[in-house]
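Taken together, the values in this text are just the output of simple stated rules run on the coordinates, not laboratory data. Worth saying up front: this structure is predicted, and the values here are computed from it rather than measured. Don't worry about glycine lacking a Cβ; one is built from the backbone with ideal geometry, like all the others, and counts go over all protein chains shown.
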Amino acid sequence: MSSSRPGFRHPDLAPNEAGYTIKDYEGGASTLCAGCGHDSISRAIVQAFFESNVPPHQVAKISGIGCSSKTPAYFLGKSHGFNSVHGRMPSIATGANMANKDLVYLGVSGDGDTASIGAGQFIHVIRRNLNMIYIIMNNGCYGLTKGQDSATADKGSISRKGAPNLLESIDLCEIAIQMGASFVARGFSGDKQQLIPLIKAAIRHKGTAVIDVISPCVTFNNTPQSTKSYQWVREHSEATGTFDFIPLQQEIVASYNPGEIAAITLHDGSIIHLHKTAEDFDITNRRKSLDALEEAREKHHILTGAIYVKPDGQDTHDLLSISDRKLNSLDKEDLCPGNSVLQDINDQYR
Amino acid sequence: MKPTDINHPEYFHKVIDCQYACPAHTPVPEYIRLITEERYTEAYMINWESNVFPGILGRVCDRPCEPACRRGRIQKEAVAICRLKRVTADNKGDITQLLPKVPKEKNGKKIALIGGGPTSLTVARDLLPLGYEIDLYDDQNKAGGFMRSQVPSFRLPEDILDEEVGYIINMGVNAIFNHRVESLKEITDKGYDAVFIATGAPKGRDLADLPGRQEGDNFIHIGIDWLAGVVFGHITSIKKRVLVLGGGNTAMDCCRTSRRLGGEKVKVVVRSPKEEMKASPWEIEDAIHEDIPILDNHVPLEFVVENGRLAGMHFDRVTPQYDEEGKRSLVSTGEPPLFMECDEVLLAVGQQNAFPWIEEDSGIVFNKRGLPELNPDTLQSSLPNIFFGGDAAFGPKNIITAVAHGHQAAISIHRFLQGRDMTSQPSPTTSLTTQKVGFNDWMYDNTVSSDFRFSVPTRDKTKTLKDRLLEVELGFNREVGKKEAYRCLNCDVQTIFDASTCIECDACVDICPTNCINFIENSDELSLRKSLSIPANNLEQSLYVSEPVKTGKVMVKDENVCLHCGLCAERCPTGSWEMLKYIYQSPKAYNDNE
Ligand SMILES: Cc1cc2nc3c(=O)[nH]c(=O)nc-3n(C[C@H](O)[C@H](O)[C@H](O)COP(=O)(O)OP(=O)(O)OC[C@H]3O[C@@H](n4cnc5c(N)ncnc54)[C@H](O)[C@@H]3O)c2cc1C
Ligand SMILES: Cc1ncc(C[n+]2csc(CCOP(=O)(O)OP(=O)(O)O)c2C)c(N)n1
Ligand code: SF4
Ligand code: SF4
Ligand code: SF4
Ligand SMILES: [Mg+2]
């Protein structure tokens, strides 16, 4: 009887440049259903943070409620974490970010957590462009409460319950772009080759980086007629182009034919490379990105990959001109500079 | 790559690294698991069936299995496979009722075995249950061969040897002891249906050409003759200062025995660098522990005899040099020769085969090295009714190889005497049985121990150096034995994949602690090895390639560091991974029914 993972890892697996081993990025044993897409996303997060050389103690993972929101227990076991209230992950993340803007904030949520009860929070955190990664593990249902259709379930999609969904679905990527998100991508739990670089780029991006990851619920929503099943997603996904992420520290060794590559430089100098395909569009153009999403939707396709990137946006701290120093480092002297300073200020209004 | 043929009996056999490396293919993980269940007698019998001398080998086996052990690839040290064998022997119950029954009614065929070492004893054990009449000739007064005359009692106590040799002799061997065969004709004239020759490699190499060898003869001994002399009580002491020349296990036994017979300053001198010494690392360690320095890169030049007594030896100091092909030569450093004082010298510089008793016109063809020309598969010589095995066949090896030869020879002799086809070999007996008991519940313990290798407790050397009969090692007690047994990774519990039901959810890929599993585009082996999530650089380990899954990709599993933890099977939502125990029994004469 086990399910606890042995402590050994592949002997050829060297530590990363920051000196951490892959184990330093792992978490506890998953209690999700075997085959749940969320576990694969967890694994992609582990791999992406490992490859990005982010020290685990520099990460704060925050989640809401749901099977998806349980996953922070299964990755980054040495990072800070807060499993919050249903739909309230963004406000907790905002508070934490205000206190210490120097951590990497990883918000983890579900489609129920984000598109239903937390829709308001989702919209407003994006408007504020809070510097965080916002991953939605999107299975089109409320997995934890036994698989009710969620707001991202496509109209007509049939889950294990057997009845087609009657309501229009919400496309979280479209909303995110409309709300001014500066980084929007869509992944699939069954395609880590695409997902890992997306997460790595999101780690380096400044502002809210939304990644909507289709993540089949094997137990309640993996029927052949469900548009969030392994089979359906594989048959209907269409990538925006092969995606490479070149972190700043890494020398660019690959040589590309300039005509075939679109390069987007992020805030910290890291570069996203998009290999152009026939149906290329400019992912820095908000309108074209929305069009591409709508076109794919009409064709019953799922558009995956990087969908919209605005690399040079201002995050919440910039917008609100908040102190350059992280707020939790300000002590009494900084906050109450004394009577003479108060007098000087008052004098300005005399 | 083509999908792997997992029905080929050798595919999963190879995954069981230890069993595959064991010349007698002992089902190692199976007996180790039985130790964790305290089923010592069964564990012993599994060994006995394969390697015939578990109590002996559990103390002195050369252990080719341990360097192969998977545990050694994930944690520096292998499972103590050999010493766990001893645990089965130390804790077993009475096994006499479990031994094979030998029919009273004989089958009418008579076989002579020449030499009473482990090879012949194995042949006897395998053929007696089939009704053969067996005469065994040996020049000693008891059976066991070199296990008796060479391997010192402080490593292998006589009672252990007597017990396991006794099981076989008591099955009904007609033993003709104290009988040195001086002529093959003498034997063949007796009308045996087949003759098996396993007389070992009984001649120790000398350094006859070295100056001073003749003059110092009283003080210079051939190692293996000297060791036999000690065992048989002709030699009871040695002088204080002893040089042992040679870097193999014989040298280690010579120096350690010297320490017990009065040698106070005992040194081992080796021509080549230490790293190239033939002796097993653990034997070298034991010698060093008994205060015996090992001096490498010293080539003997001469024995110095003064006033009729050996005064010492001169050595040339050398350094190893390697040419482009990596071939090593020893080149003198140019320094003046080094003189080492000593009273006696033991030569342990190699063993040779010798068959002075086989007539030149016997019809048996020998090669340039003085070894018989044999069919390597059947061990049959140029005379169809004469077979060879053990050290006599291909030069000095070890006990477990001797046992493996014995099994093979028994098969060949049986087939030959039944007039059956000798060109093909019988197949192993194999079985695959599910390990699933219930949800995440397995018949084997799939938690992977992170304990390091336990060391075997020993007696204090102040005691053992005084008595050459006192065994140094005490063996694991049951408790530690069990803990060591839990270090075994159950490599015989195989992961078996069904591509037809897989939905490619990646759950197995994600959970696998050692990144064995990949779903990728198929390609040739080399490109596949390179493109796995962690490249499969250990070319000795197989890739398990499946039929295509739905997307057209294939599942490729690198067997190299699979922990056999079963988590892939536990996390698969569709039951596409199964854990099945693979039992592989190498063929024996008594179950060769093909
Ligand atoms: C010092 C030393 C230490 C060793 N330690 C180990 C060890 O720790 N572990 C290990 O695995 N192996 C060890 N070996 C090797 C091992 O003993 C042999 O490989 C093994 O015993 C070979 O078995 P065999 O049956 O081929 O022959 P042997 O064991 O050599 O038996 C041959 C027998 O035939 C007899 N004989 C020979 N000629 C005649 C004749 N003409 N008539 C009648 N009888 C004859 C011999 O006296 C002997 O009894 C050691 C060897 C030496 C020399
Ligand atoms: C305030 C509140 N309302 C309702 C619930 C019940 N509830 C728990 S999880 C959940 C939905 C989870 O769906 P999703 O976020 O998609 O996560 P999944 O389990 O599908 O990964 C609901 C409605 C709750 N825990 N708290
Ligand atoms: S119920 Fe669905 S979402 Fe929840 S763990 Fe099971 S498969 Fe995953
Ligand atoms: S048994 Fe399965 S999960 Fe465990 S190491 Fe082997 S392949 Fe990986
Ligand atoms: S867990 Fe099972 S279904 Fe999922 S990819 Fe592995 S074998 Fe296939
Ligand atoms: Mg959900």
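Structure values in brief
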quantity: Candidates B:C568, B:C505 - the one that is surrounded by 19 or more Cβ atoms within 10 Å (Cβ to Cβ) and more than 16 Å from ligand 2 (Cβ to nearest atom); calculated: B:C568
quantity: Some residue of the range B:147-157 being among the charged types (D, E, K, R) and farther than 20 Å from B:P587 by Cβ; calculated: yes
quantity: Residue in the range B:536-544 that is surrounded by 22 or more Cβ atoms within 10 Å (Cβ to Cβ) and either hydroxyl-bearing (S, T, Y) or within 27 Å of the chain's Cα centre (by Cα) (or both) present; calculated: yes
quantity: Whichever residue in the range A:137-158 is in a strand (DSSP E or B) and buried (at least 18 other Cβ atoms within 10 Å of the Cβ) and, among such residues, is nearest to ligand 4 (Cβ to nearest atom); calculated: A:M137
quantity: Residues of the range B:149-196 that turn out to be among the aromatic types (F, W, Y) and touching a Gly at 6+ places or on another chain (Cβ under 8 Å), as a count; calculated: 2
quantity: Residue list for the range A:103-117, restricted to those being surrounded by fewer than 24 Cβ atoms within 10 Å (Cβ to Cβ) and either closer than 30 Å to A:S321 by Cα or within 16 Å of ligand 1 (Cβ to nearest atom) (or both); calculated: A:L103, A:V104, A:Y105
quantity: Filter result (assigned to a loop (DSSP other than H, G, I, E, B), more than 18 Å from B:R478 (Cβ to Cβ), out of contact with any helix residue (DSSP H, G or I) (no Cβ under 8 Å at 6 or more places or on another chain) and of a type outside the set (F, W, Y)) within the range B:447-466; calculated: B:T447, B:V448, B:S450, B:R459, B:D460
quantity: Any hit, the range A:110-120, residues being closer than 27 Å to B:R571 by Cα and within 14 Å of chain B (Cβ to nearest Cβ); calculated: no
quantity: Checklist (1) in a loop (DSSP other than H, G, I, E, B); (2) more than 10 Å from chain B (Cβ to nearest Cβ); (3) closer than 30 Å to B:C502 by Cα applied to A:F8, failing item; calculated: (2)
quantity: Test: residue in the range B:564-571 that is part of a loop (DSSP other than H, G, I, E, B), touching a His at 6+ places or on another chain (Cβ under 8 Å), at positive phi and within 11 Å of chain A (Cβ to nearest Cβ); calculated: no
quantity: Subset of the range A:30-59 (residues that are assigned to a loop (DSSP other than H, G, I, E, B) and either β-branched (V, I, T) or more than 9 Å from every other protein chain (Cβ to nearest Cβ) (or both)); calculated: A:T31, A:L32, A:S52, A:N53, A:V54, A:P55
quantity: Residue count, the range A:16-56 (criterion: away from ligand 3 (no atom under 16 Å from the Cβ) and either buried (at least 17 other Cβ atoms within 10 Å of the Cβ) or of a type in the set (F, W, Y) (or both)); calculated: 16
quantity: Filter pass, B:L528 being more than 14 Å from every other protein chain (Cβ to nearest Cβ), closer than 23 Å to B:Y20 by Cβ and either out of contact with any Phe, Trp or Tyr (no Cβ under 8 Å at 6 or more places or on another chain) or within 16 Å of ligand 3 (Cβ to nearest atom) (or both); calculated: yes
quantity: Unique residue being within 9 Å of ligand 1 (Cβ to nearest atom) and aromatic (F, W, Y) when the list is B:Y167, B:Y132, B:Y137; calculated: B:Y137
quantity: Failed criterion for A:L13 (all others in (1) surrounded by fewer than 18 Cβ atoms within 10 Å (Cβ to Cβ); (2) within 14 Å of chain B (Cβ to nearest Cβ); (3) outside any loop (DSSP other than H, G, I, E, B) hold); calculated: (3)
quantity: Odd one out for B:V181 among (1) β-branched (V, I, T); (2) assigned to a loop (DSSP other than H, G, I, E, B); (3) under 26 Å from the mean Cα position of the chain (by Cα); calculated: (3)
quantity: Any chance A:N83 is among the polar types (S, T, N, Q), more than 16 Å from ligand 5 (Cβ to nearest atom) and in contact with a Lys or Arg (Cβ under 7 Å, 6 or more places away or on another chain); calculated: no
quantity: Near pairs, Cβ below 9 angstrom, 6+ apart or cross-chain, from the range B:259-284 (under 19 Å from B:P320 (Cα atoms)) to any residue that is among the acidic types (D, E) and outside any loop (DSSP other than H, G, I, E, B); calculated: B:V270/B:E276
quantity: Candidate set: the range B:496-510, residues that are more than 16 Å from ligand 3 (Cβ to nearest atom) and β-branched (V, I, T); chosen: the one nearest to B:K436 (Cα to Cα); calculated: B:I496
quantity: Conditions (1) within 16 Å of ligand 4 (Cβ to nearest atom); (2) buried (at least 21 other Cβ atoms within 10 Å of the Cβ); (3) over 33 Å from the mean Cα position of the chain (by Cα); number of the one not met by B:Q494; calculated: (3)
quantity: Residues that are assigned to a helix (DSSP H, G or I) and surrounded by fewer than 24 Cβ atoms within 10 Å (Cβ to Cβ), drawn from the range B:67-76; calculated: B:P67, B:A68, B:G72, B:R73, B:I74
quantity: Flag for B:K92 being away from every other protein chain (no Cβ under 14 Å) and either under 30 Å from B:V480 (Cβ atoms) or within 16 Å of ligand 3 (Cβ to nearest atom) (or both); calculated: yes
quantity: Any hit, the range A:87-109, residues being touching a Leu at 6+ places or on another chain (Cβ under 7 Å), within 16 Å of ligand 3 (Cβ to nearest atom) and either in a loop (DSSP other than H, G, I, E, B) or more than 14 Å from every other protein chain (Cβ to nearest Cβ) (or both); calculated: no
quantity: Hey, A:A185 under 13 Å from the mean Cα position of the chain (by Cα) and either crowded, with 24+ Cβ neighbours inside 10 Å or more than 14 Å from every other protein chain (Cβ to nearest Cβ) (or both) or not; calculated: yes
quantity: Check on B:N593, at the interface with chain A (Cβ under 10 Å from one of its Cβ atoms) and part of a loop (DSSP other than H, G, I, E, B); calculated: no
quantity: Out of A:P224, A:P216, sole residue that is in contact with a helix residue (DSSP H, G or I) (Cβ under 9 Å, 6 or more places away or on another chain), more than 20 Å from A:G87 (Cβ to Cβ) and free of Cβ contacts under 8 Å to residues at least 12 places away in the same chain; calculated: A:P224
quantity: Residues located in the range B:496-525, provided they are under 17 Å from B:R73 (Cβ atoms) and either more than 14 Å from every other protein chain (Cβ to nearest Cβ) or among the hydroxyl-bearing types (S, T, Y) (or both); calculated: B:T514
